[in-house]
Structure formats: C-alpha cells, structure tokens
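Here is the structure we will look at.
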Amino acid sequence: MRGREDTRRVVARWTGIAALAGATVWMTLDARGFERVLRALAPNESAWLYPTKPLSALVLEQVWLATAASVLALALGSALGTLALTGFGVAFRDLVLSVGSLAQTVPTVALMALLVPLTGYGPEPVVIALTLYGVLPIALNVIAGIEGVPPEVRDAAAGIGMGRAQRLLRVEIPLAMPVILGGVKNVVVVNVSAATLGAVVAAGGLGMPILAGFHDYNDAFILEGALPAIALALLADRLLTVRPRWDRG
C-alpha cells in the first residue's frame, strides 16, 4: 500500500514538472502562440510582445543570472557554514551570521543600486546582490543540518577511527543533506524570481518586458515577463523538491 502511494506521489510530481517544463519551453519558443494568449488576456493593447529582445534571449538571461548567483551563494554559504563549526571558525560564527543578516536587511533593488557605482550597469550588481542574499540561508542550513546529527553517530564514527575531517565529509554532511538541500531550494527559487529586478540596472532577463510594461502601461508586456518567470520559479521548486527519500528503511 505504501509503495503504491509513493509511486502515485512520484508520478504526480514528475507530471507537474513535465507540465511546467513544457509550458516554459512553449512560451519561450512559440512566439506566435504565446502572442495569441497575450492578445486574449490583454485585448486592448496595441503591442503584445516586447520588441527589443525575443523571449528566448530574455529567458536565457534570467536563467543565467539566477544560476550564477545560486552557485556562488552555495559555494560561499557552504564554506562559511562549515567553517563556523570548526574550532577555528567558531570564534567568528556570530560575526559571520551578523554580516549575513545585515546583508539581508537591505532591499534587493537598493543593494543593486549601491553596487552600480562599483561594478557599473549590467549583470554584475544583480549576481553580487543575489549572492549576498543567498549566503546566510545556506550557511544557517549547513550549521543546523550538521549540528542536528545525533551525537551517537559522531561517537560511532570516531570509534572506528575516523578523524574530524573524515567524520564531517563522510558522515555528518551526508546526514545533514536534506536540511542543506532545503536551504538551497529556497535560495534558488528566490533567485529565479528576484532576478527580474535586474532590469532596473540593465542586466536583462524577464524583468525587461515587465519594466517596459509599467513604463508604457502595457499589461501584455507585464504578462510576457511575469508568466515565464513564475513558471521558471515553480519548475525550480519542483525539481529541487524531487530528492531521494533519506528516511527510506
């Protein structure tokens, strides 16, 4: 009975993933078909597709911004979280968490604007801002996941002769992976959505038609950017939720 429920759950999840992926690909590649949908949703507009760039280019820019920021946040957050648990890093743990919390108190757009004088317009301020926002959640999940490993498991690993580094890499991190992956998923989904804000600093992405729609009072442009962005965020959420069952007996 449990096996059938698990199978139905997996089938339903992958069906949703396939539907979201199909919708995203269709919106990206079938410009005429997507335009017909936008015409139906916003019939009073004079233009329905953002004229400066094709949607395929905007989607690729959006994915690149989110991916670059997520990879950097994962690398830095994992390193800081792991360092905070070592004998050397524990003294700086509160400082690391305080700096990360401070970065998250600044609005994303404001942080991008503050970075423009240093980096110039383009993708750089967006990637840096989203990376800074993602470091703290991942570091916190790394710390929580590793600290949540039962003491008896650590004792057993030490009892068979594992050193501290071996216990960390071969025992603690694998057991903490579900918690760590939860933080990674949240960061990726937020980055996919927040990358639309990069339009205000000329970084490209799906925020460009949204910004143009606000400027021209064109609902079709707004929908052209918003619908694929929502589909991408939902797709990332579903993909990163599909993980092996760590509690499998």
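Bear in mind that the values in this text are calculations on the coordinates, not laboratory data. All figures in this text were calculated on a predicted structure; none of them were measured in a lab. Please note: Cβ atoms are built from the backbone with ideal geometry, for glycine as well, and neighbour counts cover all protein chains shown.
Some notes on this structure:
- Of the residues examined, ALA40 is one that is among the hydrophobic types (A, V, I, L, M, F, W, C), surrounded by fewer than 18 Cβ atoms within 10 Å (Cβ to Cβ) and free of Cβ contacts under 8 Å to residues at least 12 places away in the same chain.
- Index of the failed condition, ASN186 passing every other in (1) surrounded by 21 or more Cβ atoms within 10 Å (Cβ to Cβ); (2) closer than 30 Å to LYS53 by Cα; (3) of a type in the set (S, T, N, Q): (1)
- Helices (runs of 4 or more DSSP H) enclosed by segment 35-136 - at least 3 residues per element that are more than 22 Å from the chain's Cα centre (by Cα): 93-105, 108-119
- Where ALA139 falls short, out of the listed (1) aliphatic (A, V, I, L, M); (2) under 17 Å from THR86 (Cα atoms); (3) surrounded by fewer than 22 Cβ atoms within 10 Å (Cβ to Cβ): (3)
- Residue tally, condition more than 26 Å from the chain's Cα centre (by Cα), aliphatic (A, V, I, L, M) and surrounded by fewer than 18 Cβ atoms within 10 Å (Cβ to Cβ), over segment 156-170: 5
- Criterion violated by VAL153 - all others in (1) in contact (Cβ under 8 Å) with a residue 12 or more places away in the chain; (2) outside any helix (DSSP H, G or I); (3) surrounded by fewer than 19 Cβ atoms within 10 Å (Cβ to Cβ); (4) hydrophobic (A, V, I, L, M, F, W, C) satisfied: (2)
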